[in-house]
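A.B. asks: Below: one structure in structure tokens.
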Amino acid sequence: MAVVLDNLGVFAGGLALTLLVALSASLGGSVVGLLTALSRMAPAAPVRWLAVTYVEVIRNTPGLVQLFLVYLGLPNLGIRFSPLGALIVALTVNNGAYVAEIIRGGLQAIPKGQLDAAAALGLPRRVALAEVVLPQTLRAIHPALANQFIQTVLASSIGTVVGVEELTQVALILESRTYQTVEILVALTLIYVAVTVLLAALMRRLGHRLDRGYR
Amino acid sequence: MNPDAVSGAPAPSDPIVLIQGVTKFFGPLKVLDDVVLSVARGERLVLIGPSGSGKSTLLRCVNGLEEVSLGRVVVDGMVVGDPGTPLAKVRAEVGMVFQHFNLFPHKTVLANLTLAPMRVLGLARSEAEGLARELLERVGLPEKVGEYPARLSGGQQQRVAIARALAMRPKIMLFDEPTSSLDPELVGEVLDVMRQLAEDGMTMLVVTHEMAFAEDVADRVIVMDRGALVEEGPPQRIFTDPRTPRARAFLTRLLARSERHRPGREPA
Amino acid sequence: MDWSIVGANATLLLWGTETTIALAVVAFVAGSAVGLLVALGRVLGGRDAELILKAAVDLVRGSPLLVQLLVIYLGASAVGLPLGPFPAALLGLSVNAGAYLSEIFRGGIASVSKGQTEAGLALGLPRAYVVWGLVLPQALPVIVPAMIGFFIGLLKDTSLAYVLGLLELTRMGKNIMDRTFQPFEISLVMAGIYFALCFPLSLLVRVVDARLRRSGLVQARL
């Protein structure tokens, strides 16, 4: 295990990039997801159709292929990304579809009576959305969103395929230099597990804060 | 003929709600069948009838939660659903209380009460909060101001819901089976609030199965069946001597449980 | 854009697709067996069994599949028992599937109301039979759609065997891309093939779910 301890800085650097990628992709993905979910309720049929198509295509194709499309395929059309940029873009687009579905599920779970009450009080649509619908949706979906974030942290490991120096890649580079395969891979696995456990606990804590009084 | 009726502005003696030949379809199903009804200001109406008779649907047509297929509903001179009249204006005059309360669970009682007055009527926060506290006093729950709905009993939640509707200072209050979801021992506290409201002169349309309440409070009882208005009259007569066969059939079934109101029996 | 190369490499893409499907199907079957054993072990076993199995499941679910494949492939050769890419991928996918499917089984079992278990036990039936013969069958309407959904995920996850050099669809496609210098067309076709495999299954999930809900087999949660 000495090799691991001697190179903690390397692992830390990789982990930092992993978390940065996951955070960016999650924030971006949330925005995309929200817009997509709202688009599904738009009056214009082509807008709705576009949103549905986007979600279905992303959810039925592998993330690695999506990454290849962004990093290797788009340059054919003149759009070039760095490996890191491509990873974040691909993961953002990927996330957006899943977040859209999570939001859609949350919206459907709101009892119709809430909308009736808001309407009966004369609340305009926008106010009802902001004050009644979205806060309740958020409280319903935050566990699923937390899980989605953790999945994104794990998914960021595909960055190794295009050379992004996130956690998996730095570990593999170290392994190819030192040949301490078992120690490094075990450490890599345990680091991911520790991170996901900690993140899960943190998000549960935040979730309770949000749920206070409500449940 | 009232000169104001010609110009369209409602006069105080005009009915506050006019239901004119309202028919409604849900797909192929006719849920309201040419209903004609007028409600005077300050009148207390109770709608009864078997499930599926359309009474809740009729109520929901009054504040535009349901659209009519044929005919029209006029509230305080405004035609509900008329393109020229925003529904928000109608809904500001009409308060509604639901069977399942529909309080906003993520907001405190105070926030539930102040939301619409601030956002729709434009009241300042201090004004809205003052109004809210006053109304909570009125329904007997002043101490629950900072509580979340989940911590209140069903009866308390419904009373808060009544206060929330009253906060908009409506001219009419609609009650859609307000006590049907409550445990029996909690029904009384809600009916007491409703009785007080009636005493204070509020125009009320109530869909309910609470016959004692209807007899005490209603000016008129309307019996509906399969979307049609079958019979109407003062509660004392309706409960003891229903004239139409369908009303008689429904009331016999319903009141068979309560000795006080068996048709044919002298009123207590 | 030149789409003719697609036709020229159709056979290769087909072989890649076959490998992908084979991986997914075998891993799904193996994973289901393992997953069922783990789930039953956790439900019926004692506290020790629950602790060990929970740790194992959390370990697998808390790390990326890509890393697990590398652990098995590189790890096996490092300890002197080298595995080829296909067996390594199969093993890795099966273990991963086992962990996730065990959670699906456990969730399904938990979704059946406690009253069922209590009724069975009250009749004097042994605990193992109550779970296997009474609860599990009632959990199927919840479990089956989730399993189909997981299989869709498995089809997509086989793409990660790329890192082992295995010639499943994604690796095959990448090789073709490198040879023909037309990554855009090839990756689009690859995506299209995965979509053609997965999307019908997505629709199937929705249909099965709706059917099972309507059939009344899903007992109302009291």
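Each reported figure results from applying straightforward, stated rules to the coordinates on display, with no laboratory input. Worth saying up front: this structure is predicted, and the values here are computed from it rather than measured. In this analysis, Cβ positions are derived from the backbone assuming ideal geometry, glycine residues included, and neighbour counts consider all displayed protein chains.
A.B. asks: Determine the dipole magnitude for the range B:17-170: charges of +1 sit on the beta-carbon of Lys and Arg, -1 on that of Asp and Glu, nothing else is charged, the reference point is the Cα centre, and the result goes in debye to the nearest 20. Spell out each step's value before the answer.
C.D. replies: Working: 19 positive and 14 negative charges, 48 e Å.
The dipole of the range B:17-170 has a size of about 240 debye.
A.B. asks: What aspartates and glutamates could a cross-link reach from C:K156, if we take a straight Cα to Cα line under 14 Å and drop same-chain neighbours fewer than 8 places away?
C.D. replies: A:E56, C:E18, C:E168
A.B. asks: For C:A33 and C:T180, calculate 0.36 nm times their separation in residues minus their Cα-Cα distance, and state this gained length in nm to one decimal.
C.D. replies: Extra length available between C:A33 and C:T180 comes to 48.7 nm.
A.B. asks: Further, regarding this structure: Can you tell me, using C-alpha contacts under 8 Å and at least 6 residues apart, the relative contact order of the range A:2-214 as a whole percent?
C.D. replies: 30 percent
A.B. asks: Next question, about the same structure. So if I place +1 on the C-beta of Lys and Arg and -1 on the C-beta of Asp and Glu, and nothing else carries charge, what would the dipole magnitude of the range C:78-193 be about its Cα centre? I want it in debye, nearest 20. Provide the component values of the computation, followed by the final result.
C.D. replies: Values: 7 positive and 6 negative charges, 26 e Å.
In debye, rounded to 20, the range C:78-193 gives about 120.
A.B. asks: Take the cross-link list B:K55/B:K89; B:K24/B:K144; B:K24/B:K107; B:K107/C:K54; A:K112/B:K171 and give me the ones stretching past 30 Å between alpha-carbons.
C.D. replies: Pairs exceeding the cut-off: B:K24/B:K144; B:K24/B:K107; B:K107/C:K54.
A.B. asks: If you don't mind, another one. Placing +1 at every Lys and Arg Cβ and -1 at every Asp and Glu Cβ, with all other atoms neutral, what dipole size does the range A:1-139 have around its Cα centre, in debye to the nearest 20? Walk me through the numbers before you get to the answer.
C.D. replies: Values: 9 positive and 5 negative charges, 85 e Å.
Charge dipole, the range A:1-139, about its Cα centre: 400 debye, nearest 20.
A.B. asks: Right, next: Would you please calculate the Kirkwood hydrodynamic radius of chain B over all C-alpha pairs and express it in Å, rounded to one decimal?
C.D. replies: 19.4 Å
A.B. asks: Another one. In the range B:202-259, how does Rg compare with the Kirkwood Rh, expressed as the Rg/Rh ratio over alpha carbon atoms?
C.D. replies: Reported Rg/Rh, Kirkwood definition of Rh: 0.93.
A.B. asks: So, by mean Cβ neighbours within 10 angstrom, what's the order for C:100-106, B:182-188 with the highest one leading?
C.D. replies: C:100-106, B:182-188
A.B. asks: Can you pull the mean other chain C-beta count within 10 Å for peptide B:79-91?
C.D. replies: 1
A.B. asks: Roughly speaking, what is the stretch gain from A:V10 to A:V31, that is 0.36 nm per residue apart minus the C-alpha to C-alpha distance, in nm to one decimal?
C.D. replies: 4.3 nm
A.B. asks: Take the Cα radius of gyration of the protein assembly as shown and divide it by 2.2 N^0.38 Å, with N its residue count; two decimals is plenty.
C.D. replies: 1.22
A.B. asks: Sort A:157-167, C:142-152 for me by packing, meaning the mean count of neighbouring Cβ atoms within 10 Å per residue, highest on top.
C.D. replies: Answer by packing, highest mean first, reads A:157-167, C:142-152.
A.B. asks: Report the FRET efficiency, 1/(1 + (r/R0)^6), for C:L14 and C:V208, where r is their Cβ-Cβ distance and R0 is 30 Å, rounded to 0.05.
C.D. replies: 0.55
A.B. asks: Right, another one. Counting pairs of alpha carbon atoms under 8 Å apart in space and at least six apart in sequence, what relative contact order in percent does the range B:71-166 give?
C.D. replies: Answer for the range B:71-166 is 32 percent.
A.B. asks: Per residue of B:182-190, what is the mean number of Cβ atoms on other protein chains within 10 angstrom of that residue's Cβ?
C.D. replies: Per-residue shielding by partner chains comes out at 0.
A.B. asks: Oh, and also: If R₀ is 30 angstrom, what is the calculated FRET efficiency for the pair B:S13 and B:R253, using the beta carbon separation as r and rounding to 0.05?
C.D. replies: After rounding, the FRET efficiency stands at 0.20.
A.B. asks: Here's a follow-up. By how many degrees, 0 to 90 and rounded to 10, does the Cα axis of helix A:134-155 deviate from the longest principal axis of chain A?
C.D. replies: Tilt of helix A:134-155: around 20 degrees.
A.B. asks: Before anything else, pin down the relative contact order of chain B: Cα pairs under 8 Å, at least 6 apart, normalised by residue count, whole percent. Let's see the in-between values first.
C.D. replies: Numbers: 485 pairs, mean separation 59.9, N = 268.
Reported relative contact order: 22 percent.
A.B. asks: Quick one: order C:C198, B:C61 by neighbouring beta-carbon count within 10 Å, fewest to most.
C.D. replies: Least to most surrounded, the residues fall as C:C198, B:C61.
A.B. asks: Given the Cα atoms of the range A:2-214, and with Rh set as the inverse mean 1/r over their pairs in the Kirkwood sense, what is Rg to Rh to two decimals? Intermediate values should be presented prior to the final figure.
C.D. replies: Details: Rg = 20.4 Å, Rh = 19.2 Å.
That ratio equals 1.06.
A.B. asks: Using DSSP, restrict attention to beta bridges with both residues in the protein assembly as shown and report what percent are antiparallel, rounded to the nearest 5. Walk me through the intermediate numbers first.
C.D. replies: Numbers: 19 of 36 bridges.
Restricted to the protein assembly as shown, the bridges split so that about 55 percent are antiparallel.
A.B. asks: Over the Cα atoms of chain C, each weighted equally, I'd like the Debye log10 I(q)/I(0) at q = 0.18 Å⁻¹, rounded to two decimals.
C.D. replies: Computed log10 I(q)/I(0) values: -1.25.
A.B. asks: If R0 is 30 Å, what FRET efficiency do you get for B:D219 and B:E137 from their C-beta distance, rounded to 0.05? Walk me through the numbers on the way to the answer.
C.D. replies: Working: r = 27 Å, r/R0 = 0.91.
For B:D219 and B:E137, the calculated efficiency is 0.65.
A.B. asks: On to the next question. Taking a label point 7 Å from the Cα of A:V52 along the Cα→Cβ vector, which residues of the range C:134-164 have an amide N closer than 11 Å to it?
C.D. replies: From the range C:134-164, the list is empty.
A.B. asks: Compute the angle between helix A:8-39 and the longest alpha-carbon principal axis of chain A, please, reported from 0 to 90 degrees and rounded to the nearest 10.
C.D. replies: Rounded to the nearest ten degrees, it is 20.
A.B. asks: On full extension of the chain, what length is gained from C:Y129 through C:D2, given 0.36 nm per residue of separation minus the C-alpha to C-alpha distance?
C.D. replies: Length gained, C:Y129 through C:D2: 39.6 nm.
A.B. asks: May I ask which residue of C:I5, A:A120, C:L90 lies farthest towards the positive end of the charge dipole of the protein assembly as shown, with charges of +1 (Lys, Arg) and -1 (Asp, Glu) on Cβ and the Cα centre as origin?
C.D. replies: Result: C:L90, furthest along the dipole toward the positive end.
A.B. asks: Treating cross-link reach as a plain straight distance, find the aspartates and glutamates whose alpha-carbon is under 14 Å from the alpha-carbon of B:K30, omitting any fewer than eight places away in the same chain.
C.D. replies: B:E66, B:E67, B:D225
A.B. asks: Would you mind giving the mean number of other chain beta-carbons within 10 Å of the Cβ of each residue in B:93-104, as a whole number?
C.D. replies: 4
A.B. asks: Now a separate question. How do the peptides C:7-17, A:92-102, A:29-39 rank, highest first, by the average count of neighbouring beta carbon atoms within 10 Å per residue?
C.D. replies: Highest to lowest by the protection proxy: A:92-102, A:29-39, C:7-17.
A.B. asks: From the C-alpha gyration tensor of the range B:116-268, pull out the three semi-axes of the equivalent ellipsoid (sqrt of 5λ each), sorted largest to smallest, in whole Å. Walk me through the intermediate numbers first.
C.D. replies: Working: eigenvalues 240, 55, 32 Å².
Here the semi-axes work out to 35, 17, 13 Å.
A.B. asks: Would you list C:F184, B:F25 from fewest to most Cβ contacts within 10 Å?
C.D. replies: In increasing order of surrounding Cβ atoms, one gets B:F25, C:F184.
A.B. asks: Helix C:183-214 versus the longest principal axis of chain C: what is the Cα-based angle in degrees, 0 to 90, to the nearest 10?
C.D. replies: 20 degrees
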